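Below you'll find the structure, written out as structure tokens, and then a few comments.
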Amino acid sequence: MESTTPKEKILSKIRDALISKMENPFKDIDLNSPVFHEFEDDKVVVFAQQFIDKGGNFIYCENEKAFVENLLTIKEDREWDRFFVSDETLKSLLDAQGVEYDSNEKNFIDLKIGITRCEFLISRFGSVMVSSALDSGRRLFVYPEVHIVLAYTSQVVPDLKDALKGMRKKYPESFPSQVTVITGPSRTADIEKTLVMGAHGPRELFLFLIDNE
């Protein structure tokens, strides 16, 4: 019976293709060669360039003291009110430097600036990998208008596959239920092709990178 609708014609072609198998015309293709070119610069430099190109604010810090100094300088320049922190490691760091922050869950709905850590930094795309296994949970990567990330140079990896390999090594028994890759501030142009920042998440993304290598 002849196919009458476009759907039936497509299904008929699929059936014919499954029945009449042919040899692979591309026998000599190399599936193991790298897809991307090698970096010409150091992976940290490449990450910084890509991160900035995607609209992120990159701040290099020699140590944790420099991180706090830069953080407070930007806070004063931007006239920010307070930071929201739920990560115990970050709390200990800020407490040691005498930095005030808010961690009261009752005030979460009113927060404007959130600080988190991350899992890895992906050089190829200037992306930040986070997960639900971090103390910040799931909300703090999405809800605040300004997302501040603290990371270390030892967390920088060349590609996404390296980050995923690192995640499997870090969480061999209980892989996080949520792994997210953040590339620049939240943006969309779905509505009348007009660019809108912060539509689905933070409108500004800051990354403080501490040199620990």
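Overview of results
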| quantity | calculated |
| --- | --- |
| Residue, modelled with the lowest pLDDT, within segment 121-148, restricted to residues that are over 11 Å from D159 (Cα atoms) and of a type in the set (S, T, Y) | Y143 |
| Which listed residue, of V156, V99, V146, V142, is within 22 Å of E213 (Cα to Cα) and touching a residue at least 24 places away in the same chain (Cβ under 8 Å) | V156 |
| Test result for L160, within 16 Å of the chain's Cα centre (by Cα) and surrounded by fewer than 17 Cβ atoms within 10 Å (Cβ to Cβ) | yes |
| Only listed residue being at pLDDT below 85 and touching a strand residue (DSSP E or B) at 6+ places or on another chain (Cβ under 7 Å), chosen from T188, T180 | T188 |
| Top-ranked residue of segment 32-44 - restricted to ones that are assigned to a loop (DSSP other than H, G, I, E, B) and among the charged types (D, E, K, R), ranked as modelled with the highest pLDDT | D42 |
| Scope segment 60-88; condition surrounded by fewer than 16 Cβ atoms within 10 Å (Cβ to Cβ) and assigned to a loop (DSSP other than H, G, I, E, B); matching residues | E62, N63, E79, W80, D81, R82 |
| Residue list for segment 36-58, restricted to those being out of contact with any Asp or Glu (no Cβ under 9 Å at 6 or more places or on another chain) and loosely packed, with under 10 Cβ neighbours inside 10 Å | H37, E38, E40 |
| Failed item in (1) crowded, with 18+ Cβ neighbours inside 10 Å; (2) part of a strand (DSSP E or B); (3) in contact with a Ser or Thr (Cβ under 7 Å, 6 or more places away or on another chain), with S136 passing the rest | (2) |
| Every residue from segment 89-131 that is assigned to a strand (DSSP E or B) and aromatic (F, W, Y) | F120 |
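Conditions tested, residue by residue: (1) assigned to a loop (DSSP other than H, G, I, E, B); (2) more than 30 Å from D162 (Cβ to Cβ); (3) under 15 Å from the mean Cα position of the chain (by Cα); (4) touching a residue at least 40 places away in the same chain (Cβ under 8 Å).
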residue	(1), (2), (3), (4)
I10	no, yes, no, no
A17	no, yes, no, no
E23	yes, yes, no, no
D30	yes, no, no, no
V46	no, no, no, yes
F58	no, no, yes, yes
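The values are calculated or read from the model by the stated rules, or taken from the named source; none is laboratory data. Not measured: the values here are computed from a predicted model. Here Cβ is always computed from backbone atoms with ideal geometry, including for glycine, and neighbour counts include all displayed protein chains.
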